[in-house]
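The values are calculated or read from the model by the stated rules, or taken from the named source; none is laboratory data. Remember, predicted model here, so these are calculated numbers, not experimental data. Positions of Cβ are generated from backbone atoms using ideal geometry, with glycine treated the same way; all protein chains shown enter the neighbour counts.
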Amino acid sequence: MPPDSTSTSSFVQSFLQNQTVQLLGILLTIIGGVLAMFPNIRLWVIKKIQNTINYISLKFGNSKQRKIQSQVTHFLNTKIGKKYILNHPNQELTKKIYTSFSKLRKHKIVSQIEEDVYYVYLFSLLEMAVSRIWAASISDPLEWTDSDEEKLFLELNINASNRKIPVERIFIIKESEVVEFLNIVPIQKQILHNEISEYYFTYYAYESQIPKALLREIANGFLAFDDFVVAKDVFSDKEIRGIIETESLAFYNKIFTKLRQFTHPLDITYYKSKTGNDLTA
């Protein structure tokens, strides 16, 4: 019997994709060496590699994966993105980012992204959001620190609300740690922004009041963008790693809706009732 045309087409596409990914890896290795030898041309090289590789790699993957990849590539070409890459101590960060694209196209998920790459995905999705951003946070000590990454993460969250993109964040906290939580400067900044912005919403929920089954589903927390991609936090080896995927939005939307039932406004009134202090900018 003659081979099925659909199967043959699928095989050819898979073969070409694998060859492209292999060539991409070789190219990135060469460019990584160039960047190490000639740091002064890093941004020029990054721009050229992005234009070339993005054209090739966007041919694979479904529309959601292509959209994520496009947004990350766009961010890397913005003023903020270029500055972040240029100042980052890891000169192979761009290579690692593009390598992660192949995983996203193949599996519709990027599992256990290393911290530096994960932040770039988050920055890109925040910068390019157009409809809404919603998040459940377990307030791990690794979050909301004074690191450059966390400062930029907060800045881009606030910038999104300034573009009139609704940002809704629910903090899950222990009652015994409320005062400590409220003394975190980035939390205070969000409470203040919640007071002045029509598009930034902060809530809290006591961990003890949330069903254990729901807590297990929330796990380490998550952040969703425009109802098309979710970023799931993974705290590992004293750093924030993450998982990017596009197939579970309905599941996480359901979780977030359930969580809303246990929330209360995280505002200046709550802050003062727990700390006895006024909160000013």
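Consider GLU143 carefully, then state whether it is acidic (Asp, Glu) and crowded, with 18+ Cβ neighbours inside 10 Å. Judged against the criteria, GLU143 is a match.
PHE101 satisfies every condition listed in (1) within 18 Å of the chain's Cα centre (by Cα); (2) modelled with pLDDT of 90 or more except (2).
Residue-level analysis places ILE196 outside the set of residues that are touching a residue at least 40 places away in the same chain (Cβ under 8 Å) and either closer than 22 Å to ILE133 by Cα or polar (S, T, N, Q) (or both). If we scan segment 192-213, do we find a residue that is within 26 Å of VAL117 (Cα to Cα), surrounded by 14 or more Cβ atoms within 10 Å (Cβ to Cβ) and among the aliphatic types (A, V, I, L, M)? Checked segment 192-213: no residue is within 26 Å of VAL117 (Cα to Cα), surrounded by 14 or more Cβ atoms within 10 Å (Cβ to Cβ) and among the aliphatic types (A, V, I, L, M). Within segment 224-281, no residue satisfies the criterion of being touching a strand residue (DSSP E or B) at 6+ places or on another chain (Cβ under 7 Å) and free of Cβ contacts under 8 Å to residues at least 12 places away in the same chain. In segment 239-252, what residues are surrounded by 14 or more Cβ atoms within 10 Å (Cβ to Cβ) and in a helix (DSSP H, G or I)? Result: LEU249, TYR252.
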